[in-house]
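Since the structure comes first, as structure tokens, the remarks are kept for the end.
The values are calculated or read from the model by the stated rules, or taken from the named source; none is laboratory data. Keep in mind the model is a prediction, meaning the values are calculated, not measured. Note: ideal-geometry Cβ built from the backbone for every residue, glycine included; neighbour counts use all protein chains shown. Accessible surface areas use protein heavy atoms only, side chains included; no ligands, DNA or RNA. Shrake-Rupley method; radii C 1.70, N 1.55, O 1.52, S 1.80 Å.
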Amino acid sequence: MKAFREAMSWIIPILIGLIIALVIKQFFFQIVRVDGPSMQPNLQNNERVFCLKTAKIHHGSVVVFDANGVDPQVSVKTDYVKRAIGLPGDTVSSKNGNIYVNGKKINQDYISKSQRTTGTGNWTLRSISVQNSWLKNNGATKVPKGEYFVLGDHRSVSNDGRYWGFVPKSKIDGVVKVPSWTGTKTTRENVNKEWQHFYDKYN
């Protein structure tokens with residue numbers, strides 16, 4: 001009995017710790033590894049960031065979502081990291097490197113002018129849905145209720161909503177926050193800020 005009690009004295013704390021860790025990961029936050037260059041210059045390949053599961057998604061928030069069932073090329077759970085550009089009910093279009101949400105030019109100061117004009121393209125939701133043969137919402141003019149339209153910051157290489165459509169809220173794990181020990185002050189702000197000035201100041 002003494003040996004059993006001694007064993008339990010260290011087994012029980014370990015089990016409690018594991019349960020707490022699982023609850024935190026399931027409901028509050030987890031660490032996510034960025035895979036690929038699609039969010040450069042603000043997030044780098046293999047960079048590790050926090051995913052806050054309870055954070056509200058704003059225009060401009062960087063989100064983590066399961067691409068299985070969203071991107072037709074993905075058949076197993078795969079985390080994608082992209083920026084939420086269109087929220088439910090929004091119209092989204094792109095012209096000459098500028099992106100318009102509900103007819104207003106958005107603030108894209110998180111990427112340079114050359115990065116905005118290289119690879120973004122000129123389109124509306126309807127035109128890209130038809131051009132890229134979206135399996136769902138082909139011909140859509142607005143972001144559907146309960147779904148989001150996302151883009152990568154590195155537009156010329158990003159596999160994002162332009163090619164396969166919208167991301168259901170149920171697929172989104174949370175909002176990305178970059179810890180203080182990675183990236184630069186500028187790149188951290190470009191991901192972490194709340195984007196209250198999402199719409200361009202000149203509109």
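Entry for segment 30-196 at q = 0.11, 0.16, 0.17 Å⁻¹: log10 I(q)/I(0) = -0.39, -0.88, -1.01, Debye formula applied to identical alpha-carbon scatterers, no solvent contribution. Across segment 156-168, coupling constants 3J(HN,Hα) worked out from phi with the 6.51/-1.76/1.60 Karplus curve, θ = phi - 60°, read 6, 10, 7, 8, 9, x, 4, 9, 9, x, 9, 10, x Hz, and Gly and Pro carry x.
Going through the cross-link list Lys136/Lys169; Lys104/Lys169; Lys77/Lys193; Lys95/Lys185; Lys105/Lys142, which pairs have a Cα-Cα distance over 21 Å in this structure? Write down the numbers at each step before the final one.
Numbers: Lys136/Lys169 15 Å; Lys104/Lys169 24 Å; Lys77/Lys193 28 Å; Lys95/Lys185 30 Å; Lys105/Lys142 16 Å.
Over 21 Å apart, Cα to Cα: Lys104/Lys169; Lys77/Lys193; Lys95/Lys185.
Close amide-amide hydrogen proximity is noted between Val92 and Asn102, Leu125, each under 5 Å apart and 5 or more residues distant or on a separate chain (H modeled in the peptide plane; Pro and chain starts excluded). With protein chains left intact and a 1.4 Å probe, residues in segment 95-203 average 54 Å² of accessible area per residue. Counting Lys and Arg as +1 and Asp and Glu as -1, what is the net charge of the other residues whose Cβ lies under 14 Å from the Cβ of Pro179? Value of the local net charge: +3. Surface composition of segment 30-196: carbon plus sulfur atoms contribute 48% of the solvent-accessible area (1.4 Å probe, protein chains only, all chains present).
Which net charge results for the neighbourhood of Arg33, defined as the other residues with beta-carbon distances under 9 angstrom from its beta-carbon, given Lys and Arg at +1 and Asp and Glu at -1? Local net charge: -2.
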